[in-house]
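Just below is one structure, and these are the notes that go with it.
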Amino acid sequence: MLAMRQAGFVLGAYGVSLTAIVLYTAGLLARARRAARRLPGEERPWQ
Amino acid sequence: MNTTAPTAATDNASNASAAAPVRDKRPTSTRFTQVLGVIVLAGFAWLVVFGLLLSPDDSEQRSLVRIMYVHVPSAWLAYLAFVVTGVASAAYLWRRSRNLQWDRLAGASAEVGILFMAITLVTGSLWGRPTWGTYWTWDSRLTTTAFLFVTYIGYLAVRGLGGSHHQRARRSAVMALLAVLEVPLVHFSVRWWRPLHQGQTVEAQKIDGLMLFSLFVGLVAFTLLYVWLVLHRMRVALLDDEVDDRGLDAALAARRAEG
Amino acid sequence: MSVKARSAAAQAWRVARLVAVKDLRVEWRSRVVLNQVLPFAAVVMVMFAFALDNTDLLTRVAPGLVWMATIFSLQVLVQRSFAIETADGALDALQVAGVRPGGVFLGKSLALAAELAVLEVVLLGAAIVLYRTDVPAGRLGLLAATYLAATCGLAFVGTLYGGLAAGAKGRETLLPLLMLPVVAPVLIGATRATEAAFGTNDATTGDGWPWLGLLALFAAVFGTAGTLGFGSLIDE
Amino acid sequence: MEPVVRLVDVVAVLGGFPALAGASLTVERGEIVLLQGPNGAGKTSLLRLCAGLLPVERGAATVLGCDLVADRTAVRNRVGLLGHANGLYAELTVHDNVRFWGATVGASEGEVTAALARMALDGRLRDVAVGRLSAGQRRRTALACLVARRAELWLLDEPHAGLDAVGRDDLDGILRAAAAAGATVLVASHELERVGRLATRVVDVVGGQVRAR
């Protein structure tokens with residue numbers, strides 16, 4: 001288990017990394033939805 | 001740019017979203033990215049569980065070795081992302097067709113690379129503070145990484161300067177190739193400047209099989225996350241470009257009606 | 001080299017001379033570098049002394065300070081160099097005139113290098129007076145070579161990114177963000193080579209020559225890249 | 001003979017706005033075509049497009065035999081554009097400016113002197129810095145640069161702006177002489193009376209399109 005003295009650094013590293021990824025992903029999906037709303041019925045090559 | 005056509009577009013959107021709610025809820029998803037996403041989630045779940053709970057402490061680094069499961073893969077993928085940006089930029093300029101997909105790949109990869117590089121820098125600092133007693137040291141590897149980070153932020157700023165899609169693509173492709181020239185120059189000058197390496201990272205040390213396995217899981221998880229993010233980012237970029245073109249059609253109609 | 005390539009090179013060179021002479025003539029008439037940039041650089045040198053407040057330390061870090069002041073001034077010089085072109089749409093006119101972008105790049109770089117050279121001489125004098133720097137006569141060769149290579153490198157990078165920022169219209173704040181990381185190798189290399197030339201921290205000339213190689217490589221890389229890529233950057 | 005300018009359904013975009021919305025125009029060699037229309041109709045964009053400055057978004061455009069869609073740089077040194085800006089260096093003298101712009105196409109000192117004389121700039125004004133000139137005198141200097149540059153296609157955007165009566169008469173003479181020497185002129189102007197007399201044709205630019213009269 002985590003040694004107490006260093007736990008803050010380890011948890012902080014994981015917390016910052018995951019938060020950054022989640023925030024970026026959420027922003028990306030929100031952008032996709034916003035753009036899609038302006039393009040109803042648009043052909044999307046990947047679909 | 002689409003200020004001229006908002007009303008018509010949103011009206012249609014509300015009608016269409018009733019007909020195809022899933023389509024507009026996850027417009028950039030495909031079966032492939034969904035499966036990929038599940039694997040990424042599983043990989044990260046394992047990484048967190050193992051990294052925070054199961055991993056044995058390293059004999060020298062103690063529990064700090066846990067940071068490495070995030071730090072090392074994100075650093076690798078950040079470098080890979082910038083390589084992809086360079087290759088895609090060269091491909092855009094090289095091919096006579098001037099396919100904008102290459103430009104979108106370059107931009108998407110750079111953006112994700114910056115995200116990963118930020119993670120690398122932060123986790124590295126948080127590892128360095130208890131290990132070296134300092135958040136930052138002017139070691140050649142750290143310094144080069146920091147320069148890389150700033151350089152690609154500048155690259156994204158250039159991408160945002162405006163102009164037509166192809167103007168953006170051409171200008172930013174040249175910028176990306178300049179960055180490719182700059183990186184080795186910075187790297188070697190910094191290395192000469194500060195030739196001493198600090199004792200670094202887990203690679204050099206004795207690590208047991210499970211730790212190696214977790215590092216591998218981290219690498220796979222970050223690689224798949226990179227692919228997932230770049231795919232979505234490219235699709236968003238394509239949608240944004242389409243929005244621009246669609247806005248242009250509406251604006252054209254309005255413009256023609258002027259006369 | 002084919003005949004066509006040779007005539008293209010000759011034409012680019014003709015354009016480069018034309019543009020360089022024009023830029024220097026503008027400077028000669030307006031004296032902006034002389035009356036504004038030089039005093040600015042001198043003030044920066046004095047401010048360093050205020051900040052450090054220790055003569056021994058100043059002498060020790062003098063080479064780095066001289067190059068920092070040069071790079072700060074470079075920003076101003078580049079802004080000025082392209083303000084000339086954008087003030088009355090001359091950059092557009094150059095494009096319509098079909099002037100080879102590679103030639104414009106070389107010409108503006110040449111003029112910038114000449115202005116930088118004047119500035120550097122003044123800064124060197126300031127270092128000798130203000131920071132008690134010694135320049136051993138036997139090491140003048142290394143010093144001159146360092147200055148030549150570093151000046152070319154800085155001028156090329158300045159023109160390259162200055163052109164990009166000018167083409168983008170009103171994004172002058174972009175220039176420092178793009179340019180500073182790129183000139184980092186020049187700052188490091190020129191500072192180390194100058195330390196060797198000054199004999200700061202007991203550095204020998206042998207310590208300086210490899211750094212000079214780096215500076216020369218830097219100048220060659222960005223000179224080539226700029227000549228080839230300038231057109232794509234300024235074209236809007 | 002191939003027309004000097006052939007635009008077919010050209011769309012050009014400026015900061016996301018369709019400055020040209022399907023413009024079609026054919027101009028034969030030696031013509032003086034007057035473009036007229038309200039502000040913001042697309043006259044300036046049309047001229048900038050012909051000079052290879054503005055990219056062709058859609059449609060086809062050929063100027064002086066160069067396909068602007070494939071490569072809009074090829075045409076450049078053969079056209080002369082006088083836009084809203086004069087493209088002059090304020091610190092340099094009239095003579096310096098004309099000599100510089102002439103030199104971009106390899107004009108001799110004699111041609112530069114002739115161009116200065118043509119615009120009545122060979123007297124006291126010759127060695128005055130452009131920054132000290134009045135707006136009209138700057139316009140005359142810019143025109144002298146065009147003369148020295150020996151352009152085959154002249155693209156003039158409001159060339160009369162700021163010119164005094166003498167300058168306007170000079171401009172008329174230059175346009176006539178240029179056309180007589182085989183150059184083609186596209187001029188956007190609100191001076192209908194004056195340019196209308198010179199022009200071989202007048203077209204209306206409205207809503208980013210060109211309409212024949």
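Answer with yes or no whether D:G162 is modelled with pLDDT under 80, of a type in the set (G, A, S) and closer than 30 Å to C:S30 by Cα. Yes. Among C:T151, C:T146, which is the only one that is in contact with an Asp or Glu (Cβ under 8 Å, 6 or more places away or on another chain), in contact (Cβ under 8 Å) with a residue 12 or more places away in the chain, among the β-branched types (V, I, T) and closer than 23 Å to C:F222 by Cβ? Only one candidate passes the filter, namely C:T151.
When B:V183 is tested against (1) modelled with pLDDT of 90 or more; (2) open to solvent by 20 Å² or more (accessible area, probe 1.4 Å); (3) of a type in the set (A, V, I, L, M, F, W, C), only condition (1) is not met. Filtering the stretch B:230-256 to residues that are within 7 Å of another protein chain (Cβ to nearest Cβ) and either without any contact (Cβ under 8 Å) to a residue 12 or more places away in the chain or over 30 Å from D:R211 (Cβ atoms) (or both) leaves B:H232, B:R233, B:R235, B:V236, B:L239, B:D240, B:E242, B:V243, B:L252, B:R255, B:R256.
Of the listed requirements (1) over 13 Å from C:W67 (Cα atoms); (2) surrounded by fewer than 21 Cβ atoms within 10 Å (Cβ to Cβ), C:T159 misses just one: (2). Scanning the stretch D:168-210 for residues that are open to solvent by 50 Å² or more (accessible area, probe 1.4 Å) and of a type in the set (A, V, I, L, M, F, W, C) gives D:A180, D:A181, D:L192. For the stretch B:155-170, a tally of residues being facing another protein chain (nearest Cβ under 9 Å) and either out of contact with any helix residue (DSSP H, G or I) (no Cβ under 6 Å at 6 or more places or on another chain) or over 14 Å from B:A106 (Cβ atoms) (or both) returns 7. For C:D207, the conditions (1) at the interface with chain B (Cβ under 10 Å from one of its Cβ atoms); (2) farther than 30 Å from C:W13 by Cβ; (3) open to solvent by 30 Å² or more (accessible area, probe 1.4 Å) all hold with the exception of (1).
Restrict the check to the stretch B:191-214 and report whether at least one residue is more than 7 Å from every other protein chain (Cβ to nearest Cβ), open to solvent by 70 Å² or more (accessible area, probe 1.4 Å) and at pLDDT 85 or above. For the stretch B:191-214, residues more than 7 Å from every other protein chain (Cβ to nearest Cβ), open to solvent by 70 Å² or more (accessible area, probe 1.4 Å) and at pLDDT 85 or above: absent. Within the bounds of the stretch D:143-150, is there any residue that is surrounded by fewer than 22 Cβ atoms within 10 Å (Cβ to Cβ), over 19 Å from the mean Cα position of the chain (by Cα) and within 14 Å of chain C (Cβ to nearest Cβ)? There is no residue in the stretch D:143-150 that is surrounded by fewer than 22 Cβ atoms within 10 Å (Cβ to Cβ), over 19 Å from the mean Cα position of the chain (by Cα) and within 14 Å of chain C (Cβ to nearest Cβ). Of all the criteria given as (1) without any contact (Cβ under 8 Å) to a residue 40 or more places away in the chain; (2) away from every other protein chain (no Cβ under 12 Å); (3) open to solvent by less than 20 Å² (accessible area, probe 1.4 Å), the one not satisfied by D:P159 is (1). Among residues of the stretch A:14-47 being surrounded by fewer than 15 Cβ atoms within 10 Å (Cβ to Cβ), more than 7 Å from chain B (Cβ to nearest Cβ) and within 22 Å of B:Y226 (Cβ to Cβ), the one that is modelled with the lowest pLDDT is A:P45. A Cβ distance below 7 Å, combined with a sequence gap of six or more or placement on separate chains, defines the contacts here; from the stretch B:83-101, residues that are within 12 Å of B:R170 (Cα to Cα) reach residues that are basic (K, R) in the pairs B:Y92/B:R98. So B:I114 fits all but one of (1) away from chain A (no Cβ under 14 Å); (2) assigned to a helix (DSSP H, G or I); what number is the exception? Among (1) away from chain A (no Cβ under 14 Å); (2) assigned to a helix (DSSP H, G or I), the lone unmet condition for B:I114 is (1). When the criteria are applied in full, B:V122 meets the requirement of being assigned to a helix (DSSP H, G or I), among the β-branched types (V, I, T) and open to solvent by 40 Å² or more (accessible area, probe 1.4 Å).
Of the residues that make up the stretch D:40-54, is at least one at pLDDT below 90, within 18 Å of the chain's Cα centre (by Cα), open to solvent by less than 50 Å² (accessible area, probe 1.4 Å) and over 28 Å from B:R256 (Cα atoms)? No: the stretch D:40-54 contains no residue that is at pLDDT below 90, within 18 Å of the chain's Cα centre (by Cα), open to solvent by less than 50 Å² (accessible area, probe 1.4 Å) and over 28 Å from B:R256 (Cα atoms).
Helices (runs of 4 or more DSSP H) fully within the stretch C:34-96 that include at least 3 residues being among the hydroxyl-bearing types (S, T, Y): C:55-86.
Every condition in (1) over 19 Å from C:L124 (Cα atoms); (2) facing chain B (nearest Cβ under 9 Å); (3) open to solvent by 40 Å² or more (accessible area, probe 1.4 Å) is met by C:R192 except one, and the failing one is (1).
Listed conditions (1) at pLDDT 90 or above; (2) more than 13 Å from every other protein chain (Cβ to nearest Cβ); (3) part of a loop (DSSP other than H, G, I, E, B) are all met by D:T62, apart from (3). Going through (1) among the aliphatic types (A, V, I, L, M); (2) open to solvent by 20 Å² or more (accessible area, probe 1.4 Å); (3) under 22 Å from C:V96 (Cα atoms); (4) at pLDDT 85 or above one by one, D:V128 falls short only on (3). Quick test for you: out of D:V75, D:V79, D:V105, D:V98, pick the one residue that is closer than 30 Å to C:R25 by Cβ, hydrophobic (A, V, I, L, M, F, W, C), touching a Lys or Arg at 6+ places or on another chain (Cβ under 6 Å) and away from chain B (no Cβ under 11 Å). Just one listed residue meets the conditions, D:V105.
Scanning the stretch B:91-123 for residues that are more than 18 Å from the chain's Cα centre (by Cα) and not polar (S, T, N, Q) returns B:A91, B:Y92, B:L93, B:W94, B:R95, B:R96, B:R98, B:L100.
The values are calculated or read from the model by the stated rules, or taken from the named source; none is laboratory data. For clarity, every value in this text was computed on a predicted model and none was experimentally measured. Here the Cβ is made from the backbone with ideal geometry for all residues, glycine too, and neighbour counts use every protein chain on show. Protein only, heavy atoms only, side chains kept; ligands, DNA and RNA dropped before computing areas. Shrake-Rupley method; radii C 1.70, N 1.55, O 1.52, S 1.80 Å.
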